[in-house]
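The structure appears right after this line, and notes come after that.
The values are calculated or read from the model by the stated rules, or taken from the named source; none is laboratory data. Since the model is a prediction, treat every value here as computed from it, not as a measurement. Cβ atoms come from the backbone with ideal geometry, glycine included; neighbour counts cover every protein chain shown.
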């Protein structure tokens with residue numbers, strides 16, 4: 001619509017410019033006639049000497065008049081040029097607005113498509129294996145305090161050398177993993193490491209999901225966050241507690257940002273805030289899916305003492 005309007009404006013301006021030039025032409029011709037008539041009158045009514053002086057004065061007046069008309073014409077042409085520039089700027093501004101709107105629409109579509117891609121990935125066979133492994137790791141942590149301590153220390157470089165995978169931990173893995181054949185210590189160590197990496201992949205998946213801005217679209221896809229929420233909150237609290245109790249970790253290691261992710265996802269899915277580790281622990285132990293899990297007494301007593 002704006003383009004049609006501006007085209008009409010330009011056509012009208014061209015027509016007006018033609019009319020104005022005709023007016024200036026008439027004015028110039030009128031001035032010329034006046035000068036010629038004046039010289040003829042002076043020729044007939046003046047002496048020779050006075051006539052020559054008056055002719056020069058008349059010619060000077062003629063050129064002065066023409067110069068004045070030229071100045072006015074220049075001013076009007078500049079004004080018309082400024083009007084054309086203004087119209088061009090309006091056209092550019094309109095095109096930029098349309099381009100911005102189109103880009104915003106593309107970004108919104110891309111966000112929705114990215115969530116769909118995440119959902120497809122979550123439903124893939126590979127990620128289903130990841131969820132099974134992640135579940136085993138977290139349940140092992142809850143069921144055995146020694147494995148829980150070992151697992152939490154794997155997040156921090158300062159504990160790398162002194163955090164050893166022992167035969168006792170290998171037995172825990174062997175009992176929790178559906179192994180139907182004889183497995184060596186090194187094989188169990190590799191299995192445990194692979195399981196932990198899969199848990200990290202699942203956590204990273206939810207962290208990526210939390211940064212998608214289309215909350216309604218995320219909420220409409222079932223990522224089973226309600227299953228993982230109590231376990232993730234407990235893991236976040238345990239990691240932050242271990243971090244805060246060790247000055248070496250504060251100096252050399254990064255603090256976990258898992259709680260930031262969980263707060264965003266709680267908001268997306270409409271969960272009430274759990275404001276303390278004790279509240280989150282109660283939410284965990286009272287969750288129906290945890291009723292069949294035998295939680296290590298040392299871990300339970302830790303929260304009871306608090």
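One table, with the values for the structure above:
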read-out: Leading residue by the ranking (surrounded by the fewest Cβ atoms within 10 Å (Cβ to Cβ)) among those in the range 263-287 that are without any contact (Cβ under 8 Å) to a residue 40 or more places away in the chain and closer than 19 Å to residue 139 by Cβ; value: 286
read-out: Condition check for residue 236: surrounded by 15 or more Cβ atoms within 10 Å (Cβ to Cβ), under 26 Å from the mean Cα position of the chain (by Cα), in the same structural domain as residue 138 (by TED's automatic domain parsing) and in contact (Cβ under 8 Å) with a residue 24 or more places away in the chain; value: no
read-out: Test: residue in the range 210-220 that is in contact (Cβ under 8 Å) with a residue 60 or more places away in the chain and in a helix (DSSP H, G or I); value: yes
read-out: Matching option when the condition is surrounded by 14 or more Cβ atoms within 10 Å (Cβ to Cβ), more than 28 Å from residue 268 (Cα to Cα) and either free of Cβ contacts under 8 Å to residues at least 24 places away in the same chain or over 33 Å from the mean Cα position of the chain (by Cα) (or both), among 189, 249; value: 189
read-out: Any hit, the range 158-168, residues being more than 23 Å from residue 236 (Cα to Cα), in the same structural domain as residue 239 (by TED's automatic domain parsing) and crowded, with 17+ Cβ neighbours inside 10 Å; value: no
read-out: Check on residue 209, on the phi < 0 side of the Ramachandran plot, in contact with a helix residue (DSSP H, G or I) (Cβ under 7 Å, 6 or more places away or on another chain) and buried (at least 19 other Cβ atoms within 10 Å of the Cβ); value: yes
